[in-house]
Structure formats: C-alpha cells, structure tokens
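Asker: My questions will all concern the structure given below.
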Amino acid sequence: MSYLRIGLLLLIAVWLLVSCKEKNTATKQTAMQNKTWWKEAVVYQIYPRSFKDSDGDGIGDIKGIISKLDYIQSLGIDAVWLNPIYESPNKDNGYDISDYRNVSKQFGSMNDFDTLLAGFHQRGIKVFMDLVVNHCSNEHPWFKEASKSRNSPYYNYFHWWPAEKGEPPYRFSIFDEKGYGWEFNKATNSYYLHYFGDFQPDLNWENPKLRQEVYDIMKFWSKKGIDGFRMDALAFIAKDTTWPALPPEYNGVWVMYYASGPHLHDYIQEMNKEVLTPYKLATVAEAMGDVPRVKKFVDEDRNELNMAYNFEAIDFGYLPNEYKMPDPQGWDLVKWKQIYKRWDSAFTEKGWGTVYLANHDQPRMVTRWGNDAPEFRELSSKMLSTFILTMRGTAFYYFGDEIGMNNIKFDKVEDYNDVELHTNYAQVKAKGGDLKRFLEGMKISSRDNGRTPMQWDSTSGAGFTLGNPWLKINPNYTTVNVAAAEANQNSALHYFRKLTTLRKANEALQYGAFTLVDADNPDVFAYTRTLNNKTFLILLNFKNKTATLKTGMDLSKGKTLLNNYGSTNASETLQPYEASVIEF
Ligand code: NOJ
C-alpha cells in the first residue's frame with residue numbers, strides 16, 4: 001500500500017472519529033435541551049368527585065382533597081391535574097360547564113379552592129386545571145341567551161344551521177343515542193351543533209369574541225396562580241364551517257375529519273400568545289390524531305402547546321367498529337411496543353410525550369393492562385407503575401392506581417352513572433344487539449370502572465364518605481385500601497414511592513434515550529434508558545407466566561435497583577408480571 005493510500009485511510013478514520021463524537025454530543029444536547037419542570041414531572045390525576053368526601057353527601061369535594069394533602073405529597077409526585085371543578089349540571093361529570101368562573105357547589109367554594117391551591121404550592125406541588133372549551137353546558141348563560149333568538153349577542157358563540165336551509169349536513173355526536181350531532185331549537189328555528197351530548201353545545205371558535213371570552217377565563221385562573229391546563233377535546237375546537245360532506249373514508253373515524261378545522265393551529269398560537277406564554281403555563285392536550293398531527297401541537301418552534309396524550313396506545317386492543325369492545329383474542333404486546341417506539345422517536349428532537357395507562361376515561365390500569373386476579377393484582381400493578389415511571393415522557397398517574405385499585409365490573413346497567421355507557425347501551429339496544437355481550441365488554445373497558453371512590457380504609461364507606469356514595473365502592477375496599485397499604489412495607493403504595501424517588505434521582509430516567517430491547521419478544525417489554533454514560537435496563541413481564549428474553553447485555557455488571565419480587569439478581573428469566581430496574 002502506498003504512503004498516499006495509508007495517509008488517505010488515516011485521514012478518513014480521523015474524520016469518522018471526529019464526526020461520530022460530534023454526533024454523540026448532538027444527541028446528548030437534543031435529549032437534554034430545554035429542561036423544564038413539566039418534562040421531569042410525575043402528574044397525579046385527582047378525580048375530585050371520587051377522591052374524598054368531607055361533608056357526607058357522597059360526593060368528593062375540595063375540603064376532602066385538602067384533608068389528604070399530606071398523603072398526596074408523600075407519594076413524591078410533582079404536580080396534580082384536577083378534573084373539572086367548575087359549576088356544572090354534571091350530566092358529563094363536570095365536562096358540561098355552566099359557569100367557568102365558579103367552583104361547583106357540590107365541591108365547595110372559591111375560598112376552598114384558594115386554600116387547596118395554596119396547600120399544594122406550600123408542598124411544592126404544581127396544579128393543572130381542566131380546560132373544557134370545545135363546548136359548554138346548555139345551562140350556561142351564553143347558550144340560554146343564544147337559544148332565545150337569532151339576534152342574541154350570544155347566538156354566534158355557537159354553531160347553528162338555519163332550518164330554512166333544510167336538514168344540516170350530517171355530523172356525528174359521541175354522546176347522542178342516534179349519533180346525530182345537530183339538535184333542533186324551536187325559538188331560533190335552527191339546529192345547534194354538539195359533537196358530544198346535546199347538553200354540550202359546541203362553542204364557535206371562528207368568532208373572535210368567543211375566543212377572547214375563553215382567554216379571559218384562562219387568565220382568571222392563571223392570575224390565581226395555577227401552573228397549567230389540561231385541555232379537553234382541544235383538537236375539535238376549530239371546524240370547517242362550510243360543513244363539507246364527510247368523505248366515504250370517514251367510516252366513523254371522526255377524529256381525522258373533526259379534529260382538523262382549517263384554523264385550528266392559528267387559534268392555538270393565538271391562545272399561546274395571549275395566555276400561555278405570558279402566564280408561563282404548562283399544557284397537556286387531548287389533541288387526537290396520528291404522530292404527525294400530534295407533533296404539530298407540541299413542536300416548540302410552533303409556539304403552541306407542550307404535551308399531548310398518546311391515544312393510539314391507550315385505544316389499542318379493541319375490536320374495530322365497535323366502541324371499546326375488548327378483542328377476545330387479547331392484545332398484542334409486540335405491536336403495542338412498536339406504538340411506544342414510534343411515539344417516543346417522534347419527540348426525540350422536538351416536542352415532548354406523555355406516558356399513562358389510565359385516567360377518568362379509562363378503566364383501571366391493572367384490569368386492562370395487567371391482571372386483577374388476587375394473586376397478580378399487586379404484582380402487575382407494580383409492574384405497570386414501573387412502566388409509567390421509567391418511560392421517556394411526562395408520567396400521568398391516576399389516583400388509586402398507587403394501591404392497585406381494579407375494575408368494579410358492574411353486572412347491571414343501572415349501576416352505571418356514565419353518559420357514555422348509557423348512550424352506547426341504548427344504541428346497542430336500539431339495533432337489537434347483544435346487550436349481555438355489551439355489558440360483559442364494559443366490565444373491562446367502561447369509564448365508571450375508573451371512577452369508583454378512593455379506598456382509604458376498611459370502614460364502611462371506605463373512608464371516602466360517611467354518606468351514600470355517588471357511585472358504588474368496589475367491595476374489595478375491605479382489603480385494598482390506603483391504610484392497609486401503608487401498614488404493609490411490600491405494598492404497591494410503598495413501591496410507587498420508591499419509583500418516584502428513583503425517577504427524581506436519575507436524569508437518565510427523565511431525559512435518557514429510549515431503546516427497545518428484544519423488541520419481538522411477545523411477553524416482555526424491555527428497554528434501556530441512557531444518558532451520559534449511565535444506562536438503565538428495564539424488564540417488564542406482561543404475562544401471567546414465566547418468560548425469558550435476550551438482552552444482549554452482561555447482566556452480572558448491572559445492579560438491580562428495584563424489583564417487584566424483591567429480587568436483587570438481574571436475570572433474563574422473569575416470573576409472572578415481574579418488573580426490574582437495573583442500573584449499569
Ligand atoms: C374528554 C373528557 O376527558 C371526557 O371525560 C368527556 O366526557 C369528554 N371529553 C367531553 O368533554
């Protein structure tokens with residue numbers, strides 16, 4: 001080989017080394033750039049109606065939450081999200097607001113709210129409020145006025161179709177028995193639009209006056225010092241008001257056509273400029289859609305929002321064209337892992353993700369994603385908590401999951417409170433469908449499973465209420481409750497506290513790169529989280545049997561920091577629902 005060739009090869013080698021090093025530094029910077037509290041946070045969701053009742057009316061309230069502030073702090077969480085606490089006829093439990101500037105009398109007073117907010121802040125806990133502005137209640141004064149006359153100054157706060165133009169162009173409604181999104185109003189001889197129940201008229205965001213009203217409401221709560229908003233149904237606010245016919249490929253996939261009004265992102269950018277940036281608010285939105293759509297909401301260069309929920313993973317495993325009907329074949333872990341991989345990689349450079357397995361619109365995570373049989377309930381609950389707190393993305397954790405609460409599984413339709421359940425039941429009934437099959441499915445997927453009252457202790461009323469609870473309490477409260485969990489050092493509750501401590505102490509668990517390990521393994525969800533020469537290997541067996549995997553790593557070099565069986569030996573053989581966090 002000539003000297004020239006050797007020199008050339010050396011040059012190439014040096015160039016490769018330098019460029020690789022630069023690339024590594026670039027990856028590090030991307031992962032670590034724009035560090036903020038909400039990226040590192042574990043957000044604990046409180047459904048106020050079901051958390052703690054202080055006055056014996058069977059409904060949770062603000063004073064109840066105040067009485068549990070120390071407990072909430074003891075979990076090691078960083079922020080809370082409160083479901084709507086505003087005045088409401090509660091046909092959709094607070095997602096039908098009749099007064100945006102007042103606290104529901106069922107929950108207490110504004111004074112109580114101020115005390116609660118101060119109590120959270122004194123404990124270093126930030127507060128997300130729910131913002132429900134795709135629609136309001138039909139009992140909101142705006143709608144009451146608007147529905148009196150076309151000349152009302154509030155008429156254009158809503159979407160109307162004048163009856164003289166004939167039938168309105170078809171739109172679907174999610175909480176309407178007939179699935180029809182227009183409701184006739186006699187006084188104005190016109191139809192109003194409601195994507196949800198007919199008691200939830202959609203607000204007209206095309207009207208700048210309405211948008212200012214919304215920003216004023218947001219400023220009202222921001223001035224009180226709240227830290228962020230969880231934004232309900234936000235992707236639906238902007239509509240194409242030429243109401244084009246839905247394309248044939250619509251086929252019930254309403255998110256794709258409803259969540260894409262031409263000015264959607266203009267409005268969010270306007271909101272950001274008016275309220276979000278000036279008040280330094282953090283935001284997480286129900287911004288449905290696939291990854292490219294969702295990215296648009298949270299790409300920081302666009303000045304819109306911070307985070308959006310991943311609906312693709314949570315809606316996985318249901319039969320197509322049937323509402324939340326679990327697939328009797330179960331759900332495929334390998335495909336589910338790929339969804340997380342896709343969503344994680346979408347946010348490696350811009351935007352930020354969220355990780356959650358439950359909320360008030362979902363059943364209990366242990367029933368849906370784990371196993372609520374007595375021998376596996378706590379184990380699989382700990383395994384799922386490990387997942388939520390070791391993935392990249394802000395962790396949203398639902399109250400009660402820290403003690404492994406599971407689905408109540410009502411037998412009778414009368415036991416349900418939820419408007420969604422009753423609507424779907426009526427639809428199946430009207431079609432002459434199999435109601436028994438429907439109710440069986442709902443034992444797994446219905447929202448009320450996640451809304452049963454918090455189980456504080458084994459006294460009657462589960463320490464939740466001294467009265468008659470608004471929704472039945474899961475009868476297993478006699479053994480599954482906070483008091484029992486506090487007394488048992490091996491409980492899911494103590495395990496959860498270890499997880500929040502571990503996550504807080506390790507930047508790699510917050511910002512570190514996520515890489516699937518043994519991706520095609522049908523039983524185990526395994527991944528690494530890596531940052532600055534520190535690697536965590538997380539092994540999660542999602543099955544009720546022993547499982548093995550191939551990590552390709554020398555496990556003898558790792559240190560097991562947490563394991564739900566108490567094991568300290570890292571192994572490629574996992575017991576049912578075993579979870580391990582191993583540090584390298
Ligand atoms: C999403 C909320 O989370 C859900 O509970 C509610 O029913 C609908 N939006 C309508 O507001």
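Asker: Any chance the range 408-427 includes a residue that's of a type in the set (D, E, K, R) and within 17 Å of residue 47 (Cβ to Cβ)? Outline the logic, then answer.
Answerer: Let us first name the residues in the range 408-427 that are of a type in the set (D, E, K, R), namely 409, 411-412, 414-415, 418, 420.
If we keep only those that are within 17 Å of residue 47 (Cβ to Cβ) as well, we get 418, 420.
Yes.
Asker: Among the residues of the range 265-294, what is the count of those that are over 22 Å from residue 224 (Cβ atoms) and either modelled with pLDDT of 95 or more or not in a helix (DSSP H, G or I) (or both)? Reasoning before the result, please.
Answerer: Restricting attention to the range 265-294, the residues satisfying the condition of being over 22 Å from residue 224 (Cβ atoms) are 265-270, 286-294.
Then keep just the ones that are either modelled with pLDDT of 95 or more or not in a helix (DSSP H, G or I) (or both); that gives 265-270, 286-290.
Result for the range 265-294: 11.
Asker: Continuing with this model, one more query. Evaluate the range 223-233: report whether one residue or more is in contact with a helix residue (DSSP H, G or I) (Cβ under 8 Å, 6 or more places away or on another chain) and within 15 Å of the ligand (Cβ to nearest atom).
Answerer: To start, the set of residues in the range 223-233 that are in contact with a helix residue (DSSP H, G or I) (Cβ under 8 Å, 6 or more places away or on another chain) comprises 224-226, 228-229.
Next, from what is left, pick out any that are within 15 Å of the ligand (Cβ to nearest atom): 229.
Checked against the condition, which is being in contact with a helix residue (DSSP H, G or I) (Cβ under 8 Å, 6 or more places away or on another chain) and within 15 Å of the ligand (Cβ to nearest atom), the range 223-233 yields at least one hit.
So that you can scan it fast, the table gives a plain yes or no per residue for (1) buried (at least 21 other Cβ atoms within 10 Å of the Cβ); (2) in contact with a Leu (Cβ under 8 Å, 6 or more places away or on another chain):
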| residue | (1), (2) |
| --- | --- |
| 190 | yes, no |
| 193 | yes, no |
| 200 | yes, no |
| 205 | yes, no |
| 210 | no, yes |
| 213 | no, no |
| 220 | no, no |
| 225 | no, yes |
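Asker: Could you tell me which residue of the range 70-98 is farthest from the ligand (Cβ to nearest atom), considering only residues that are assigned to a loop (DSSP other than H, G, I, E, B) and over 17 Å from residue 135 (Cβ atoms)?
Answerer: Initial filter on the range 70-98 (assigned to a loop (DSSP other than H, G, I, E, B)): 75-78, 83-85, 88-98.
From what is left, the residues that are over 17 Å from residue 135 (Cβ atoms) are 75-78, 85.
On the way: 75: 22, 76: 26, 77: 20, 78: 22, 85: 14 Å.
Checked the range 70-98; the qualifying residue farthest from the ligand (Cβ to nearest atom) is 76.
Asker: How many of the residues making up the range 227-271 are basic (Lys, Arg) and open to solvent by 30 Å² or more (accessible area, probe 1.4 Å)? So that I can check it myself, show each step before the final result.
Answerer: Our first condition is that a residue be basic (Lys, Arg); within the range 227-271, this holds for 230, 239.
Then drop every residue that is not open to solvent by 30 Å² or more (accessible area, probe 1.4 Å), which leaves none.
Of the residues in the range 227-271, 0 are basic (Lys, Arg) and open to solvent by 30 Å² or more (accessible area, probe 1.4 Å).
Asker: Being part of a helix (DSSP H, G or I), in contact (Cβ under 8 Å) with a residue 24 or more places away in the chain and away from the ligand (no atom under 16 Å from the Cβ): is that true of residue 210 here?
Answerer: Values: part of a helix (DSSP H, G or I): yes; in contact (Cβ under 8 Å) with a residue 24 or more places away in the chain: yes; away from the ligand (no atom under 16 Å from the Cβ): yes.
Considered against the rule, which asks whether it is part of a helix (DSSP H, G or I), in contact (Cβ under 8 Å) with a residue 24 or more places away in the chain and away from the ligand (no atom under 16 Å from the Cβ), residue 210 comes out as yes.
Asker: Moving on. What number of residues within the range 150-186 satisfy the criterion of being without any contact (Cβ under 8 Å) to a residue 40 or more places away in the chain and open to solvent by less than 40 Å² (accessible area, probe 1.4 Å)? Outline the logic, then answer.
Answerer: Here is the first cut: in the range 150-186, the ones without any contact (Cβ under 8 Å) to a residue 40 or more places away in the chain are 151-155, 160, 162-167, 173, 178, 180-186.
After this cut, where a residue has to be open to solvent by less than 40 Å² (accessible area, probe 1.4 Å) as well, the list is 152, 155, 160, 162-163, 166, 173, 181-182, 185.
Looking only at that region, the number is 10.
Asker: Another question, then. Take the range 383-439 and flag every residue that is open to solvent by 10 Å² or more (accessible area, probe 1.4 Å), under 22 Å from the mean Cα position of the chain (by Cα), closer than 25 Å to residue 453 by Cβ and more than 16 Å from the ligand (Cβ to nearest atom).
Answerer: Within the range 383-439, 406, 408, 409 qualify.
Asker: Sticking with this one: All but one of (1) aliphatic (A, V, I, L, M); (2) more than 27 Å from residue 72 (Cα to Cα); (3) within 16 Å of the ligand (Cβ to nearest atom) hold for residue 471; state the number of the condition that does not hold.
Answerer: Going through (1) aliphatic (A, V, I, L, M); (2) more than 27 Å from residue 72 (Cα to Cα); (3) within 16 Å of the ligand (Cβ to nearest atom) one by one, residue 471 breaks only (2).
Asker: May I ask you to list the residues in the range 345-363 that are more than 16 Å from the ligand (Cβ to nearest atom) and closer than 28 Å to residue 323 by Cβ? Even if it seems obvious, please write down each step before you answer.
Answerer: Step one: list which residues in the range 345-363 are more than 16 Å from the ligand (Cβ to nearest atom), which gives 345-353, 355.
Hits for the range 345-363 are 346, 353, 355.
Asker: Within the range 291-300, identify whether any single residue is touching a helix residue (DSSP H, G or I) at 6+ places or on another chain (Cβ under 6 Å) and under 20 Å from residue 388 (Cα atoms), and answer yes or no.
Answerer: Here is the first cut: in the range 291-300, the ones touching a helix residue (DSSP H, G or I) at 6+ places or on another chain (Cβ under 6 Å) are 291, 295.
If we keep only those that are under 20 Å from residue 388 (Cα atoms) too, we end up with 291.
Within the range 291-300, one or more residues are touching a helix residue (DSSP H, G or I) at 6+ places or on another chain (Cβ under 6 Å) and under 20 Å from residue 388 (Cα atoms).
The values are calculated or read from the model by the stated rules, or taken from the named source; none is laboratory data. Source: prediction; values computed, not measured. All Cβ positions, even for glycine, are placed from backbone atoms using ideal geometry, and neighbour counts span all protein chains on display. Ligands, DNA and RNA are stripped out before the accessible areas are found, and what is left, the full protein with its side chains, is counted by its heavy atoms. Shrake-Rupley method; radii C 1.70, N 1.55, O 1.52, S 1.80 Å.
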